[in-house]
1. Report, by residue number, each residue of the stretch 146-172 that is more than 20 Å from residue 214 (Cβ to Cβ), touching a helix residue (DSSP H, G or I) at 6+ places or on another chain (Cβ under 8 Å) and not in a helix (DSSP H, G or I).
2. Determine whether residue 130 is farther than 21 Å from residue 48 by Cβ and out of contact with any strand residue (DSSP E or B) (no Cβ under 7 Å at 6 or more places or on another chain).
3. Scan the helices (runs of 4 or more DSSP H) fully inside the stretch 1-102 and keep the ones with 2 or more residues being in the same structural domain as residue 118 (by TED's automatic domain parsing), crowded, with 16+ Cβ neighbours inside 10 Å and over 16 Å from the mean Cα position of the chain (by Cα).
4. Right, residue 198: under 24 Å from residue 50 (Cβ atoms) and crowded, with 17+ Cβ neighbours inside 10 Å or not?
5. Looking for something touching a helix residue (DSSP H, G or I) at 6+ places or on another chain (Cβ under 8 Å) and surrounded by fewer than 19 Cβ atoms within 10 Å (Cβ to Cβ) - is there at least one such residue anywhere in the stretch 127-134?
């Protein structure tokens, strides 16, 4: 019988390969948990999701779209009108300001469409790398690495990065480890795993974790 490998001897490349495989088996169907049926709606929702749960955002945007059903309507709305609806998501003033400005740019510069170029996405108000990558991957099916809080936490725990909290540095590290075609779904699966098993606000459930034997910080005892 082959001797069990010491978890400390796994390279980052080996950890990444096994993490992709096992998370794919554990979460075969993975999707973005923000509800949307158009690219511009995901753009709005991902801005509202900052420091807010996806579940709350999904409720709030229903009311927003009842009053402002398309890009033109939202572009014509004042930031105060938007803030009145989105304030349950927190940071209502800044989020409403960004959404208003972003929708106006979509209307005036892009004929109401969301650009499919990441640099153009990053030029939009309130759109950072996490949001831009999410849209590139989920809407346009292009290679993407979405470094949200779950991704950053799990990558540090597993050992794909070393005590690195900067989202851009984590993103760069993952580009070197994760095949481009796997990146978007891998990040979604990290969110799934972070919510269900490798939790932030409670003790991680290492005893049921599919990565326990390769995780640098987890307890791999069964």
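1. 146, 147, 148, 165
2. no
3. Working: elements: 12-26, 39-48, 54-67, 71-76, 79-86.
By residue number, 54-67, 71-76, 79-86.
4. yes
5. At the first step, the residues of the stretch 127-134 found to be touching a helix residue (DSSP H, G or I) at 6+ places or on another chain (Cβ under 8 Å) are 127-134.
Filter once more, so that each one left must be surrounded by fewer than 19 Cβ atoms within 10 Å (Cβ to Cβ): 128-129.
Checking the stretch 127-134: at least one residue is touching a helix residue (DSSP H, G or I) at 6+ places or on another chain (Cβ under 8 Å) and surrounded by fewer than 19 Cβ atoms within 10 Å (Cβ to Cβ).
The values are calculated or read from the model by the stated rules, or taken from the named source; none is laboratory data. Here the structure is a predicted model, which is why all the values come from computation and not from measurement. So basically every Cβ, Gly included, is an ideal-geometry build from the backbone, and we count neighbours across all protein chains shown.
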